[in-house]
Amino acid sequence: MEKIELIFLLIIKNALKGKKTESLEALTSEEWQNLFILAEKHSLLPMFYESVYALPQLKKLDSPFVFAAKKKVMNQVLMQTLRTEEFLNLYNKLLKENIKPVVIKGITLRCLYPMPDHRPSGDEDMLISKENYGKCHEILTSFGMYTEENEETREKSYEVPYRKNGSPLYIELHKHLFPPESEAYGDLNRFFENAFEENCFENINGTTVYTLNPTDNLFYLICHAFKHFLHSGFGIRQVCDIVTYADKYGEKIDWLEVFDKCSAISALYFAAAIFKTGEKYLGFDKAKAKFSEEWACIEVEEEEMLKDLLTGGLYGASDMSRKHSSNITLDAVVNTKKGRKKGNSVMLSLFPAKEKLEKRYDYLRKHPYLLPVAWADRITKYLKETRDIKNNKAAESLRIGSERVELLKKYKIIK
């Protein structure tokens, strides 16, 4: 672990506890800049800045990046405050119409932090039953929200995005928590089939907000991080969410149930590494969370995962080469699920099966013989889109993908 990464984790640990960082070893201007870059890379800049802004050595640092960071923090917190207010107004409107979407992540996690609007959240996710989707769509549009998806696409999609002109509010309306068509993790939906019958609610700023019960919610947060890990990474913010939630609701969580479900999806060592990271670097209190003996007995080394998630940034989106490496890791997961040997991931990413392209190329459903045309179009568009993008090289994607496949093996996700 590098010096800057260790200091970064210490500052975030303090922020999670609502503490100011009172002292740090002397840092150069370049080291401070790297810390701010890391905080922004993981979408934790407001929390980070709140913890360090009063440090004498930072006050003495007359650097443009500090003033730029302060301006970004003010803007991010303002936008988050507006999103929160707008969302609660919308949710109250839904409740008045007897529609009770189950809210996941977002506001239900922010409220656990010492300064909720300092934990950025670009969107709000709501789970709605298929039967209530039409009515929910009408209410959202009457609230001034719109979606660019046409009616046919809205009916087929597992999630539909909504925006509002002149507002930072962005909603993702889910009919399923995970894309059912995904061969890698679509089957995770089976664990949440009773989400509407076994949910609970939180009072957030005077509004009743329905969400998953504590056991399901913790397992969902693990599944969400797991999904992103199978792609290109998930970032330290999701670790913060998981351990903060476990600290808060530990007594209400059925840890054995979470253990069994993580085992069922080959995420047991993955989750154990997250909790170990939280305990070692972020102040996760196993005793307070009532961490069960089954979890405590798992021996796992967390450093390689931590290094991967710090390098990858939020959702592993640090660069395009890393993002495109997900073709390799997802292919390895699917092959394991199907009991196949590792395939040629590069060829599969260039020439995927017809079923994987039908959503983008509707004509393949009626005319499967046009698959080569779809392949050619896909490759042409990819080359145009990435022609001027830095950090997007096929060789680098292959290297990252191969290394991350080994990481999946280390945490016993694949064989």
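The values are calculated or read from the model by the stated rules, or taken from the named source; none is laboratory data. For clarity, every value in this text was computed on a predicted model and none was experimentally measured. Because the Cβ atoms are built from the backbone with ideal geometry, glycine has one as well, and the counts that use them run over all protein chains shown. Surface areas here come from the heavy atoms of the whole protein model, side chains and all, with no ligands, DNA or RNA. Shrake-Rupley method; radii C 1.70, N 1.55, O 1.52, S 1.80 Å.
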Exercise for review: Could you pull out the GluC sites (Glu not before Pro) across segment 194-262 that fall in loop regions by DSSP (anything but H, G, I, E, B) with no more than 14 other Cβ atoms inside 10 Å?
Suggested key: 197, 198
Review point. Among 17/252; 100/338; 17/93, which pairs are too far apart, with a Cα-Cα distance over 30 Å?
Key: 100/338; 17/93
Review point. Give or take rounding to whole Å, what are the principal axis extents of the alpha carbon atoms in segment 200-288, in descending order?
Key: 37, 26, 25
Review point. How much accessible area does residue 224 have with a 1.4 Å probe, in Å² rounded to the nearest 10?
Key: 10 Å²
Study note, to complete from the structure: Both in Å, the radius of gyration and Dmax of the C-alpha trace of segment 220-343 are 14.9, 45
Check your understanding: So which aspartates and glutamates pass the test for residue 248, namely a Cα distance under 15 Å, with those fewer than 8 places away in the same chain ruled out?
Key -> 202, 216, 279, 285
Revision key, fill the gap. Per the C-alpha gyration tensor (a ≥ b ≥ c, the square roots of its eigenvalues), the chain is rounded if a/c is under 1.5, else prolate if a/b beats b/c, else oblate; here it's rounded
Review point. Can you pick out the pairs among 41/130; 72/409; 130/410; 227/280; 70/96; 20/70 whose Cα atoms lie more than 28 Å from each other?
Key: 41/130; 72/409; 130/410; 70/96
**Study point:** 262, 111, ranked by accessible area, largest first (probe 1.4 Å)
**Key:** 111, 262
Check your understanding: At 37 °C and 0.692 mPa s, what whole-number value in µm²/s does Stokes-Einstein give for the translational diffusion of segment 163-254, with Rh from the Kirkwood sum over Cα pairs?
Key -> 219 µm²/s
Revision key, fill the gap. Of all DSSP beta bridges having both residues in the chain, the percent classed as antiparallel (nearest 5) is 75 percent
Study note, to complete from the structure: Long-range amide H partners of residue 170, meaning residues 5 or more apart or on another chain whose placed amide H is closer than 5 Å, are 124
Review point. How big is the Cα convex hull of segment 1-143 in projection, averaged over all directions, in nm²?
Key: 10.1 nm²
Point to revise | Solvent exposure, largest accessible area first (probe 1.4 Å, DNA, RNA and ligands not counted), of 125, 117 | key: 117, 125
**Study point:** FRET E, pair residue 10, residue 201, Förster distance 41 Å, beta-carbon r, rounded to 0.05
**Key:** 0.70
Exercise for review: Kindly provide the helix-only [θ] at 222 nm of the chain, computed as the sum of -39,500 (n - 2.57) over DSSP H runs of four or more divided by all residues, to the nearest 500 deg cm²/dmol?
Suggested key: -16500 deg cm²/dmol
Check your understanding: Looking at segment 281-314, which GluC sites (Glu not before Pro) are in a loop (DSSP not H, G, I, E or B) and have at most 13 other Cβ atoms within 10 Å?
Key -> 299, 301
Review point. Where a ≥ b ≥ c are the square roots of the eigenvalues of the C-alpha gyration tensor, would you call segment 3-51 rounded, which needs a/c under 1.5, or, failing that, prolate if a/b is larger than b/c, or oblate?
Key: oblate
